[in-house]
Each structure stands twice: as structure tokens, then as C-alpha cells.
Amino acid sequence: LIPDSLFGNNLRFLWTPATYLDNPTLANPICSAADDITYTLQLTGEGGCIVSKDIFILVLKPPKAPNAFSPNGDGINDVFIIAGLENFPLNNIKIFNRWGALLFNTSNINAGWDGTYKGEPAIEAVYVFTLKFKDSDGIVYDKIGHVTLLR
């Protein structure tokens, strides 16, 4: 963590909460947060003047795809959708059958596969998906996985 700007003499730092920090009294502690968290930096200057600022840390977790879904109309897991894409620019998601035929293709993170192909229900089987997305540094990731369609 690195504060925007610091002015003063004999500054003392206190980051709260101390959770996930290597040393909450350093100007720029190392943070290893596993989840989103808001820290408050309290800065005390010579003479006892105190200022504070909140800093929100967003932890980008990799997208997570379910290993199965059941498009049977019961309202539970009816659509194959990959969680965690809201924080990543998405290039696309593709679904293939075991013969390599493309059944589904989208660049919309909110669109999921409903288990159909050309308007007809796809058969109960294991399907391959590919996922292409970028992280906050613009690095492109290609993920390949499989999902089981259950009826």
C-alpha cells in the first residue's frame, strides 16, 4: 500500500484494520488481502496533528466456472454462467461439443449458455468451454475447461 502524498516531519502511520498487513505501522506495508477490504490510514504528525483517509482494496479473483448445470426449467443452475467476470474485460466464451462443433459464442459477461443449440435442447453430455479475458494489467488469459450438462 502506498499513500498518495505525505507531508510533515516525524510522521507516524497506523493502518487499521491490521488484517493481511505485514506491519500496520509502516508508511507502505505489504498487503496480502484474500478478500476486498477497506483500510483506514491514520497519519500523526509532529505536534500531534492527525489526519486519516480510507483506502478500498479490490481483490480481483479469477473467474470461476461451474462444472455442471441442469437446464431443466426448475430455476436452479439452468444456465451455464461463469462467475467473477464482472471485474475483467471479456473477449469471449465459447462452448463446443465433443466433436468440436461450436454451440455457443458470446462476449457478453451476463449472457450464459442455456443448454440449447440452434433452438433445440443439447444432449446430456460433457462440453468444452474456452474463456478469454484480460486482467487489470491488460494481460490476456485463455482458459479451457469442461462442463457437464445434466437434464
Mean separation of Cα contacts under 8 Å (at least 6 apart) over the residue count of the range 3-85, i.e. the relative contact order in percent, is 21
Projected area averaged over all directions for the convex hull of the alpha carbon atoms of the chain, nm², comes out at 11.7
Heavy-atom accessible area of Tyr141, protein chains in place, probe 1.4 angstrom, given in Å² to nearest 10, is 100
Here D for the range 65-151, in µm²/s, from Stokes-Einstein with a Kirkwood Rh over Cα pairs at 10 °C and 1.306 mPa s, works out to 119
In the chain, taking the dipole from +1 charges on Lys and Arg beta carbons and -1 charges on Asp and Glu beta carbons about the Cα centre, the listed residue (Gly112, Trp15, Leu60) farthest towards the positive end is Gly112
Of the listed pairs Lys64/Lys94; Lys118/Lys143; Lys94/Lys132, those with alpha carbons more than 20 Å apart are Lys118/Lys143
So, relative contact order of the range 63-151 in percent, Cα under 8 Å, 6 or more apart, is 32
With no solvent term and unit scatterers on the alpha-carbon positions of the range 109-151, Debye gives log₁₀ I(q)/I(0) at q = 0.14, 0.31, 0.32 Å⁻¹ of -0.46, -1.14, -1.16
Put Ile30, Ile81 in order of accessible area, largest first, probe 1.4 Å, and you get Ile30, Ile81
For 49-58, 106-115, ranked highest to lowest by mean beta-carbon neighbours within 10 Å, the order is 106-115, 49-58
Per the charge dipole of the chain (beta-carbon charges, Lys/Arg positive, Asp/Glu negative, Cα centre), the residue among Pro89, Ile50, Ser70 reaching farthest to the positive end is Ser70
Using the Kirkwood radius over Cα pairs of the range 81-120, the Stokes-Einstein translational diffusion coefficient at 20 °C and 1.002 mPa s, in µm²/s and rounded to a whole number, is 193
Answer in debye to the nearest 20: the dipole magnitude of the chain about its Cα centre, from +1 Lys/Arg and -1 Asp/Glu charges placed on Cβ, is 400
In whole angstrom, the spacing between the Cα centers of the range 87-111 and the range 16-44 equals 38
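The values are calculated or read from the model by the stated rules, or taken from the named source; none is laboratory data. All values reported here derive from a predicted model rather than from experimental measurement. Neighbour counts are summed over all protein chains in view; Cβ atoms, including those assigned to glycine, are modelled from backbone coordinates with ideal geometry. SASA here: full protein model, heavy atoms, side chains in, ligands and nucleic acids out. Shrake-Rupley method; radii C 1.70, N 1.55, O 1.52, S 1.80 Å.
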